[in-house]
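To start, the structure itself, in structure tokens.
The values are calculated or read from the model by the stated rules, or taken from the named source; none is laboratory data. None of these values were measured; they are calculated from a predicted model. Every residue, glycine among them, receives a Cβ derived from its backbone with ideal geometry; neighbour counts consider all protein chains shown.
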Amino acid sequence: MSLLPLFDLSLRGRATQVALEFAPPGGALVTCTFGNLEARSNRLAHLLRARGLKAGDRLAFFLQNRIEVIDLWLAGVKLGLIVVPVNVLYRERELKHILTDSAPTAVVTSRDLAAFIPPGVAIWDVEALAAEAAANPDTRVAIPADADTPVSLIYTSGTTGASKGAVLTQGNFATNALTLVTAWGISAADRFLCALPLFHVHGLGNGVHCWLLSGCRMRLHERFEHARAAAWFEDFRPTLFFGVPAMFVRLLELPPEQARAVGGRLRLAVSGSAPLPAEVHEKFRQLYGSVILERYGMTETLMNVGNPYEGERRPGTVGLPLAHVAVKICDEAGSPVADGTSGELWVKGPNVCAGYWRRPEATAAAWRDGWFRTGDIGVRAADGYITLQGRRSDLIISGGFNIYPREIEELILERPGVREATVVGAPDPVRGEVPVAYVVVDDTAFDEGAAVAHLRTQLASFKQPKAFVRVPALPRTALGKVQKHLLPKWQA
Ligand code: MCA
Ligand code: AMP
């Protein structure tokens, strides 16, 4: 199975239909038909080929949502490239790791973001690339591809601090989208509002692929802005919305009458990437008259489990395994546990990535007998519904973005006067969790202002600790492991 024949249902089959409305910040709406997208990506594919790119080469993008991201993705699929999406909030240190590890031919970026790219990496300006592409022929260029053809390297934060690239194939994306389009009844009649970033699999794997496979109309925004969301819903009148819990929390701020009207047009709202509090699920139902469908996925596996479209969408649970995936819940030894007992979720299916890019040891550690160990802890009820309870690692999820404490701790420990440091997730009403640092410092040598300023240059904004809490010592077990749950609670 490969992507282009599935995209062709829309790119060629619905060539004259409006595919996309892009809303640039402060600018007028730009509209594209599926035929326009086919032509634009063909022109770009000709140009990329002329610049020497061939199947298997990496091409990174470091861009806010815009039409050119779609062009790059489609041209990449056509040429068999491995596209490397990079979070726009990452800064030099994070970028250096990803761009060194994936060794792309170039990174496509915009003028405002180019300054963050470390030296030594070829930068292609997105505007210049688009202008040059426009002069190329719009005839189809495509290499043969199958389910095993790699199409993307997406970096996921590793427990050791260095993120690893998950090698995702055409088969992974195709299976994922086919299952979701079928499970969620997505059709060409839908109107899909997308304000998720396209550099993560929620926006890219679920958003873009469900849109292209179903042939619905997508309204794309550069990013989610809660102050504008109400106006967007009013104006576009979506039937379909995918969001992270922080977006649904923000949507609870809409006046009841407006929320009701939005909810009346909304056929389906899907939440994922972080736990959706049952209370938000219930408040959204009351306010909008729409029952959110919560599902669970990972970068390495795309989607695994979801609440049913037909049937009970049970708050606080992620539902039942999706059609393409097998799920088992295991104890530490890898034996399945009984229903009602907590264990680690192991998954198997055509959705699971091919491994970690150039990291055979990490790949061997994450797979066992063909099953991928998710690191997520959960429990299955007698009727099959799965509830996630936490992680084997101490991952923090803030607004749907993942943070590994170790990465921040290592940077804090490099500061003068810091003897010990640990970072934990503190509850936050909108973002779910925010990182907070607990430090044991020598007060005469530690300069908090300088530490904050330094971290700002080193880390994405969502990873910045919201506070430095000074403690006399970190609580530790007899073996020296920090007992994070014993730290004094921090409140904003
Ligand atoms: C967020 N910020 C951005 C952007 N997005 N800045 C520039 N460009 C962006 N695209 C920054 C803001 O500057 C601000 O930084 C902070 O994030 C929060 O912004 P705010 O406007 O106050 O937004 P909010 O109302 O708090 O909502 C945050 C958000 C954002 C918009 C929901 O967290 C977001 O886009 N999350 C989506 C993450 C996502 O797609 N995850 C999927 C991963 P500052 O704090 O410095 O002021 S894939 C995954 O997890 C798996 C596979 C799955 O299951 O889906
Ligand atoms: P990422 O590393 O960005 O792929 O994030 C994947 C992680 O997000 C999963 O391993 C889960 O811990 C978490 N996640 C995704 N969806 C949900 C959900 N609906 N509820 C709780 N956690 C989720």
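Looking at Ala135, is it exposed (fewer than 15 other Cβ atoms within 10 Å of the Cβ) and either assigned to a helix (DSSP H, G or I) or touching a strand residue (DSSP E or B) at 6+ places or on another chain (Cβ under 8 Å) (or both)?
Against the criterion (exposed (fewer than 15 other Cβ atoms within 10 Å of the Cβ) and either assigned to a helix (DSSP H, G or I) or touching a strand residue (DSSP E or B) at 6+ places or on another chain (Cβ under 8 Å) (or both)), Ala135 does not qualify.
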Some residue of the stretch 71-86 being of a type in the set (D, E, K, R) and either surrounded by fewer than 22 Cβ atoms within 10 Å (Cβ to Cβ) or in contact with an Asp or Glu (Cβ under 8 Å, 6 or more places away or on another chain) (or both): no
Pairs, first closer than 18 Å to Phe248 by Cβ and in contact (Cβ under 8 Å) with a residue 40 or more places away in the chain in the stretch 382-404, second within 8 Å of ligand 2 (Cβ to nearest atom) and in a loop (DSSP other than H, G, I, E, B), C-beta under 7 Å, six or more apart: Leu388/Pro275; Leu388/Val318; Ile397/Ala274; Gly400/Ser273; Gly400/Ala274
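For the stretch 185-208, how many residues meet the condition of being more than 15 Å from ligand 2 (Cβ to nearest atom) and more than 17 Å from Leu9 (Cα to Cα)?
5
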Of all residues in the stretch 458-492 being β-branched (Val, Ile, Thr) and modelled with pLDDT of 95 or more, the one that is nearest to Val424 (Cα to Cα): Val469
Of the criteria (1) hydroxyl-bearing (Ser, Thr, Tyr); (2) surrounded by fewer than 20 Cβ atoms within 10 Å (Cβ to Cβ); (3) not in a loop (DSSP other than H, G, I, E, B), which one Ser41 fails: (2)
Extreme residue, farthest from ligand 1 (Cβ to nearest atom), among residues of the stretch 247-260 that are surrounded by fewer than 17 Cβ atoms within 10 Å (Cβ to Cβ) and within 23 Å of His221 (Cα to Cα): Arg260
Strands (runs of 3 or more DSSP E) completely within the stretch 150-200 that count 3 or more residues being under 21 Å from Thr374 (Cα atoms): 150-156, 164-169
Contacts under 9 angstrom Cβ, first residue in the stretch 101-118 being touching a residue at least 24 places away in the same chain (Cβ under 8 Å), partner polar (S, T, N, Q), 6 or more apart: Asp101/Ser163; Ser110/Gln64; Leu113/Gln64; Phe116/Thr109; Ile117/Thr109; Pro118/Thr100
Any hit, the stretch 292-308, residues being away from ligand 1 (no atom under 16 Å from the Cβ), at pLDDT 95 or above and closer than 23 Å to Arg267 by Cα: yes
From the options Asn172, Asn176, residue that is crowded, with 24+ Cβ neighbours inside 10 Å and more than 24 Å from Ile98 (Cα to Cα): Asn176
Residue, farthest from Leu220 (Cα to Cα), within the stretch 48-67, restricted to residues that are buried (at least 21 other Cβ atoms within 10 Å of the Cβ) and aliphatic (A, V, I, L, M): Leu53
Any chance Ala274 is at pLDDT 95 or above, away from ligand 1 (no atom under 13 Å from the Cβ) and of a type outside the set (Phe, Trp, Tyr): no
Residue match in the stretch 266-273 (condition: hydrophobic (A, V, I, L, M, F, W, C), away from ligand 2 (no atom under 16 Å from the Cβ), farther than 30 Å from Gly375 by Cβ and buried (at least 23 other Cβ atoms within 10 Å of the Cβ)): no
Pairs with Cβ under 8 Å, 6+ apart, first in the stretch 197-225 and under 24 Å from Thr169 (Cβ atoms), second basic (Lys, Arg) and outside any helix (DSSP H, G or I): Pro197/Arg223; Gly215/Arg14
Top-ranked residue in the stretch 339-372 [being part of a strand (DSSP E or B) and away from ligand 1 (no atom under 16 Å from the Cβ); ranked as farthest from Ala147 (Cα to Cα)]: Gly343
Identity of the residue in the stretch 431-454, outside any strand (DSSP E or B) and crowded, with 18+ Cβ neighbours inside 10 Å, that ends up nearest to ligand 2 (Cβ to nearest atom): Arg431
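Filter the strands (runs of 3 or more DSSP E) completely within the stretch 204-309 down to those with at least 3 residues that are under 25 Å from Pro429 (Cα atoms) and of a type in the set (Phe, Trp, Tyr).
none
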Looking only at the stretch 395-416, and only at residues there that are more than 16 Å from ligand 1 (Cβ to nearest atom) and touching a helix residue (DSSP H, G or I) at 6+ places or on another chain (Cβ under 9 Å), the one that is nearest to Glu294 (Cα to Cα): Pro405
In the stretch 370-396, residue farthest from ligand 2 (Cβ to nearest atom) [restricted to those that are more than 26 Å from Leu178 (Cα to Cα) and not small (Gly, Ala, Ser)]: Val379
Hey, Ile292 within 15 Å of ligand 2 (Cβ to nearest atom), in contact (Cβ under 8 Å) with a residue 12 or more places away in the chain and surrounded by fewer than 21 Cβ atoms within 10 Å (Cβ to Cβ) or not: no
Number of the condition not met by Arg392 [criteria: (1) within 12 Å of ligand 1 (Cβ to nearest atom); (2) surrounded by fewer than 16 Cβ atoms within 10 Å (Cβ to Cβ)]: (1)
